[in-house]
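Please read the structure below before turning to the comments.
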Amino acid sequence: MGGTALAQQGNPSFGPGEQALYRVQYLGVTTGTAQITVGAPMQQWGQKVWPIISLARTDPMMSAWPIKDKFVTYWGEDGQRSLGSDFFAEENHKRRRQRIQMNADGKSAHVIRQKEGTQPSESTHELPEGSMDVASAAFALRRQGLAEGREYASPVFTGNKSFVMRAKVEGREQMKTALGAREVFRVTVQTDFSEKLQTRRDITLYFTTDPSHVPVRLEADFVLGTVVAEITEYKPGRLLTVNQVASTTGG
């Protein structure tokens, strides 16, 4: 299934106000947290969007490489895809920023990068139609009719490279979580990140089998070590219909 089709099938699995908090472990040791929030409707680049905000923080007492990252993908409700993103990175006390704006035709993107203390650089990239960032591709996957054996594909653009993210629902299982016992779908995801973030095997994601498809656990075996993220808190958002979205955002 192509990326545009993947994003446009309308299961209202999330909405503004949703927030999930995760405990992140590296090589079996808790090293930080990740928080994902679906923000209130807003205007971006002249279009109606929901900002999906991901915050990653390391525990300063546990990490020799402190990280304070913020990634915002602008989910355009009309097109059911991301219109672009902002990435604010602070890693080992060095700051950089990247902005990606997808063009209206969905086949190209304008990228602005800047490291602290330097002038920004700009570039334009030709892309497969329907390309998204990793965060929006994951949220698009949540909106699918997840079922055992189904496979999905979406073109992903990181700002540096493009690849096709492929996902397969391997099965159902019961899982103990901080939210209680949950039935989950086990989904394997194939990616192609930069050399430092290359995985030794497929990433495994666990989504609840209810219509919200909340991701409750991630397992990734990177070249630099194994990362596990487990949900610790969850607050659902407002699940809006298409007509409610138009009304809420002034459409």
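Numbers for the structure displayed
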read-out: Region 1-150, Cα convex hull volume normalised per residue, Å³; value: 140
read-out: Spatially near lysine pairs across the chain, Cα under 17 Å, sequence gap of 8 or more or different chains; value: 7
read-out: FRET efficiency for Thr204 and His93, using Cβ-Cβ distance with R0 set to 35 Å, rounded to 0.05; value: 0.60
read-out: Mean separation of Cα contacts under 8 Å, 6 or more apart, over the residue count of the chain: relative contact order %; value: 20
read-out: Net length gained if the chain between Gln25 and Asp69 were fully extended (0.36 nm per residue, minus Cα distance); value: 14.2 nm
read-out: Residues Leu224 and Glu122, FRET efficiency given R0 of 25 Å [Cβ-Cβ distance, rounded to 0.05]; value: 0.25
read-out: Accessible area of region 18-235 belonging to carbon and sulfur atoms, whole % at 1.4 Å probe; value: 51
read-out: Amide hydrogen neighbours beyond the local backbone of Arg95, cut-off 5 Å, H modeled; value: Glu116
read-out: Surface accessible to a 1.4 Å probe, per residue, for the residues of region 80-209, Å²; value: 52
read-out: Net dipole in debye of the chain [+1 Lys, Arg Cβ; -1 Asp, Glu Cβ; about Cα centre; nearest 20]; value: 320
read-out: Cα-based Rg / Dmax (Å) for the chain; value: 17.6, 51
read-out: Over region 33-101, equivalent-ellipsoid semi-axes from the Cα gyration tensor in Å; value: 28, 13, 7
read-out: Label-point separation, Glu148 to Ser162 (7 Å along Cα→Cβ), nm; value: 3.7
read-out: Glu129-Met61 FRET efficiency (beta carbon distance; Förster radius 45 Å; 0.05 resolution); value: 0.45
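The values are calculated or read from the model by the stated rules, or taken from the named source; none is laboratory data. For clarity, every value in this text was computed on a predicted model and none was experimentally measured. Neighbour counts are summed over all protein chains in view; Cβ atoms, including those assigned to glycine, are modelled from backbone coordinates with ideal geometry. These area figures cover heavy atoms from the full protein model, side chains too; ligands, DNA and RNA do not enter into them. Shrake-Rupley method; radii C 1.70, N 1.55, O 1.52, S 1.80 Å.
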